[in-house]
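Trainee: Starting off with a structure, shown below.
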Amino acid sequence: MTAVKLPRIRTEVQVMFFDTDCGGVVSNIAYLRFVEIARTLLAEELGLALAEMAETQRYPVVVHTEIDYRRAAKLGDRLVIEGWLDRLERVRFWCAFRIVRPKDNVLIAECRQSLALIEMPAGTLLPLPERWEKYRSLEANTRSSQRTA
């Protein structure tokens, strides 16, 4: 029997000109684009494939975003974005993200987002998929171990 793990992803981006301001520093909105890339990959890990979403018209939508900017990234930096399923509620779920510059192992930003599933075009709120129930005990155990650490 294979052990169930909380879905996690890891992806890399390189800071481009369009990500920066006139001083070559990454603008705040670009970090959210990096998170969007990671969140899309995480959605696929959760069984929400892009093509399927387009076909069924069922989408995860961001309800709330929290982001803490720790250090500035600059033009040309290569960054790693890690994302994971952080918490499940009845109709909402939380994803968390870390952006790190691996060349010096500096934490650039941390982000959490609350999402809900909706069906378009009516915007009907949907319950979370039953197949995600297997993650409930895992995310509870992860949170309790983080409190004791």
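Trainee: For the chain, what are the per-bin percents of Cα-Cα distances with bins 5 Å wide, up to the bin holding the maximum?
Mentor: Calculated P(r), rounded to whole percents: 2, 9, 17, 20, 18, 14, 11, 7, 2, 0, 0.
Trainee: Let me spell out the model: positive unit charges on the Cβ of Lys and Arg, negative unit charges on the Cβ of Asp and Glu, origin at the Cα centre of the chain. What dipole size does that give, in debye rounded to 20?
Mentor: That gives the chain a dipole magnitude of about 520 debye.
Trainee: In addition: What net charge is computed for the residues neighbouring VAL25, neighbours being all others with C-beta under 11 Å from the C-beta of VAL25, Lys and Arg scored +1, Asp and Glu -1?
Mentor: So the environment of VAL25 carries a net charge of -1.
Trainee: How far apart, in nm, are the 7 Å Cα→Cβ label points at LEU125 and VAL25?
Mentor: 3.9 nm
Trainee: Here is a further query. What is the spin-label model distance, in nm, from VAL106 to TYR69 if the labels are put 7 Å beyond Cα along the C-beta direction?
Mentor: 1.4 nm
Trainee: For PHE17 and GLU82, compute 0.36 nm times the residue count separating them, minus their Cα-Cα distance, and round to one decimal in nm.
Mentor: Here the answer is 21.1 nm.
Trainee: While we're on this one: Tell me which lysines have Cα within less than 16 Å of LYS5's Cα, excluding those fewer than 8 residues away on the same chain?
Mentor: Straight-distance partners of LYS5: LYS134.
Trainee: Report, to the nearest 10°, how far helix 28-45 tilts away from the longest principal axis of the Cα atoms in the chain, using its own Cα long axis and a range of 0 to 90°.
Mentor: Tilt of helix 28-45: around 40 degrees.
Throughout, read-outs are computed from the coordinates displayed, never taken from laboratory work. Computed from a predicted model, the values in this text were never measured in an experiment. Glycine gets a Cβ as well: all are built from the backbone with ideal geometry, and neighbour counts include every protein chain shown.
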